[in-house]
Structures are given as C-alpha cells and as structure tokens.
Amino acid sequence: MLSLTSPLGAYYAAQLGISTKVKDSASRTLLFDLLTALERLKNEIGPTDAVDMEAASAAYVENFALKVFKAADDEDRAGRASK
C-alpha cells in the first residue's frame, strides 16, 4: 500500500507520471497505486468548494498567491529579503 506523506507531492508525482506516458509495468503499477491513494484521500476529505468548483478553486489559488506575494514584498521593503 502506498503512503501519502504529502498529498500535494503525490498529486504532482501523479501528474508527472501521467504526462510521461509510462510504459513499463513497475512504473504503471506505482502510478495506479498513487492514483488509487489520491482517490481514497479525495473521498476522505469529502466535497469542498475549493476543489469541486473551478471558480472557487481559482479564487483560492489566487488568494494564496497574493498572500505569498505580499509577504515577499513586505520582507523586501523592510530590507530583509532572502531566497
């Protein structure tokens, strides 16, 4: 059974696996296990507007991006900019 320590990392890995169109059976088995685990996690989380509705999802991501940008901008303006 596949363990999901980071759902976002698992989602990204699944996207990469799908986009590479893996052919060998070991890679396909891992990808199918990963997708099964993500589906199970999705069912555990239940319906969420931030996931199920595209407009709400876009607003959620945009809001997060604005928060990250503001934090970086504030840090830069205060002269404490880092990586």
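The values are calculated or read from the model by the stated rules, or taken from the named source; none is laboratory data. None of the values given here were measured: they were computed from a predicted structure. All Cβ positions, even for glycine, are placed from backbone atoms using ideal geometry, and neighbour counts span all protein chains on display.
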- [ ] Pairs only if they're at least six apart or on different chains, beta carbon under 9 angstrom, first in the stretch 72-83 and surrounded by 10 or more Cβ atoms within 10 Å (Cβ to Cβ) and of a type in the set (G, A, S), second at pLDDT below 90 and not in a helix (DSSP H, G or I); list them, first residue then second.
- [x] A72/A81
TODO: Could you look through the stretch 1-15, keep only residues that are surrounded by 11 or more Cβ atoms within 10 Å (Cβ to Cβ) and assigned to a helix (DSSP H, G or I), and pick out the one that is modelled with the lowest pLDDT?
DONE: P7
Open item on the list: Show me the helices (runs of 4 or more DSSP H) entirely contained within the stretch 20-83 in which 1 or more residues are at pLDDT 85 or above.
Closed with: 25-45, 54-77
TODO: Considering each residue of the stretch 33-61, count those that are among the acidic types (D, E), farther than 20 Å from A13 by Cβ and surrounded by 10 or more Cβ atoms within 10 Å (Cβ to Cβ), and give that number.
DONE: 2
